[in-house]
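Visitor: Dumping the structure here so I can ask a few things about it.
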């Protein structure tokens with residue numbers, strides 16, 4: 001079924017020089033294992049294609065069912081140099097949660113109320 | 001097993017002025033940490049110090065002690081802060097004056113050695129290359145434009161100050177998690193090679209360093225947070241073996257659960273297997289986390305490794321000017337009118353012979369943050385137009401500020417929101433991260 005990522009995960013983002021990071025925390029291990037296969041660097045790069053000028057790099061934190069994405073060159077320069085309204089990538093976490101995904105039926109039960 | 005409680009009441013310069021007062025007044029804690037510094041803050045403080053060498057620190061902190069110094073003493077809470085900025089010595093003298101005037105007897109420990117602004121020539125001569133660790137560029141490129149230079153020093157000077165019976169520790173550029181690790185080193189006498197314990201203390205500090213951002217602030221499931229108005233700031237209760245719980249005071253709002261803590265753990269994270277601090281390298285994929293319910297999360301078995309032999313240096317430098325102006329455009333076809341308005345302003349600037357090294361046009365209320373991601377726009381009755389420029393030429397950036405308001409009477413209808421006056425050029429302070437060999441840096445702590 002089609003849902004937004006926000007229905008199965010939380011996210012937080014911030015700046016790292018000229019890059020930003022988006023950390024995403026899944027509701028439980030079943031959803032995390034599925035997300036690890038689905039939410040690739042390529043898919044996230046495509047989602048942020050107007051925002052990320054460089055690559056997307058992904059790290060996995062199996063212990064807390066979380067993925068961490070580094071968005072290379074995504075702030076229009078460093079935090080203090082950027083002309084963007086969101087110069088520090090504070091909103092990119094919420095932007096990732098807007099992604100529409102095709103959630104397998106067996107994971108439907110884990111959707112937020 | 002012995003335990004100690006450490007709270008954070010200030011996540012950045014500009015955070016709640018009430019939070020530290022509330023913690024001092026009613027929280028059951030042993031230590032209070034307050035973070036006032038960001039990369040950009042030190043350049044502002046250095047500028048203040050250049051004008052008057054009695055300044056260059058966070059004066060908000062003095063206001064806090066003026067109000068709460070007496071209670072701090074009565075409640076036997078020790079306070080660790082980086083409010084000393086680029087002038088911890090003058091900050092401690094000003095602080096002492098306040099304490100003496102109120103007859104409060106507290107020892108102040110201040111830490112020096114992180115500020116290398118005046119020693120750059122010497123350090124470069126001694127072999128520090130200070131090339132940009134992201135781009136590899138040579139420091140000579142910005143040498144004449146440097147505004148501040150500070151080393152992220154390790155947490156042992158905080159321990160030493162507390163060992164010497166400081167009640168308030170005033171540091172400059174220590175790491176943010178170090179404000180928490182420092183008192184743990186003092187309390188439990190952890191050794192330099194107790195890597196797992198150092199990693200645990202660093203993670204505890206990382207979780208609370210942004211104040212309420214781990215107690216429900218900025219939480220994706222914000223609709224589950226009770227009472228944002230009275231949000232509680234975080235407390236870590238740390239055991240001698242390094243394991244810890246994140247809690248808050250009972251009568252406060254906010255929320256601590258697995259998600260609020262995990263979100264904050266991931267904040268500003270790079271490679272989670274290699275979180276490098278001057279004290280230890282932390283593996284953020286190593287620990288176990290348990291949500292105990294009732295605003296209580298425990299973390300155990302954090303793994304750490306030997307630290308690197310370099311410190312990170314935070315250098316800021318002047319890099320031209322920028323300016324931003326906003327107008328609110330309302331009524332029928334607001335977005336189309338906003339686009340036309342932008343076209344008019346840029347056209348007039350071009351007629352005036354002004355081109356810029358960077359220009360930016362944004363439509364707030366339409367797509368300024370998330371561009372076309374999942375954009376389902378059905379038209380809104382108002383849009384905020386935000387225009388920005390950047391250039392090395394002050395005059396051109398100043399000229400930009402004069403071209404915003406004329407369009408109110410010489411463009412499309414329904415434009416307002418120009419109460420703030422002409423936007424003025426602001427200096428762009430850019431950031432230059434570098435590494436320096438630890439044996440080139442000497443730090444010390446003294447008691448006043």
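Every number here is computed from the coordinates shown, using simple stated rules; none is lab data. This structure is a prediction, so every number in the text was calculated from the model and none was measured. Please note: Cβ atoms are built from the backbone with ideal geometry, for glycine as well, and neighbour counts cover all protein chains shown.
Visitor: If each DSSP helix of 4+ residues adds -39,500 (n - 2.57) and the sum is divided by the residues in chain B, what number results at 222 nm, nearest 500 deg cm²/dmol?
Guide: Working: 12 runs with 129 residues, N = 448.
Computed ellipticity for chain B at 222 nm equals -8500 deg cm²/dmol.
Visitor: As I understand it, the value is the acute angle between the Cα axis of helix B:195-208 and the longest principal axis of the Cα atoms of chain B; what does it come to in degrees, rounded to 10?
Guide: 40 degrees
Visitor: Under the classification rounded if a/c is under 1.5, otherwise prolate if a/b is larger than b/c and oblate if not, where does the protein assembly as shown fall, given a ≥ b ≥ c as square roots of the Cα gyration tensor eigenvalues?
Guide: Numbers: a/c = 1.64, a/b = 1.21, b/c = 1.35.
Here the protein assembly as shown falls in the oblate category.
Visitor: Shielding by partners for B:373-386, please: the mean number of other protein chain Cβ atoms within 10 Å of each residue's Cβ. Mind showing how you got there, number by number?
Guide: On the way: counts 11, 7, 1, 0, 0, 0, 0, 0, 0, 0, 0, 1, 0, 3.
Mean inter-chain Cβ contacts per residue within 10 Å come to 2.
Visitor: Let me make sure I get this right: for region B:318-432, a, b and c are the square roots of the gyration tensor eigenvalues over alpha carbons, sorted descending. Under 1.5 in a/c it's rounded, otherwise prolate if a/b > b/c, else oblate. Which is it?
Guide: Numbers: a/c = 2.17, a/b = 1.41, b/c = 1.53.
Since a/c reaches 1.5 but b/c is at least a/b, the shape of region B:318-432 is classed as oblate.
Visitor: Let me ask you something else. What is region A:2-110 by shape, rounded, prolate or oblate, if you read a ≥ b ≥ c off the alpha carbon gyration tensor as root eigenvalues and call it rounded for a/c under 1.5, prolate for a/b larger than b/c, and oblate otherwise? It would help to have the intermediate numbers written out before the result.
Guide: Numbers: a/c = 2.23, a/b = 2.03, b/c = 1.10.
Because a/c hits 1.5 or more and a/b exceeds b/c, region A:2-110 counts as prolate.
Visitor: Ranked highest first by the average count of other Cβ atoms within 10 Å around their residues, in what order do B:186-192, B:311-317 fall? Intermediate results must be reported in sequence, preceding the final value.
Guide: On the way: B:186-192: 16.9, B:311-317: 22.9.
The peptides rank, most packed first, as B:311-317, B:186-192.
Visitor: Taking each residue of B:421-433 in turn, how many C-beta atoms of other protein chains fall within 10 Å of its C-beta, and what is the average? Present the calculation step by step, with values, prior to reporting the outcome.
Guide: On the way: counts 0, 0, 0, 0, 0, 1, 1, 6, 3, 5, 7, 2, 2.
That average works out to 2.
Visitor: Could you work out the mean count of beta carbons from other protein chains within 10 Å of each residue's beta carbon in B:284-297?
Guide: That average works out to 2.
Visitor: Kindly rank B:78-85, B:276-283 from highest to lowest mean number of other beta carbons found within 10 Å of each residue. Spell out each step's value before the answer.
Guide: On the way: B:78-85: 28.6, B:276-283: 23.5.
The most tightly packed comes first, giving B:78-85, B:276-283.
Visitor: Which whole-angstrom value gives the distance between the alpha carbon centres of region B:1-36 and region B:347-383?
Guide: Rounded to whole Å, the Cα centres lie 41 Å apart.
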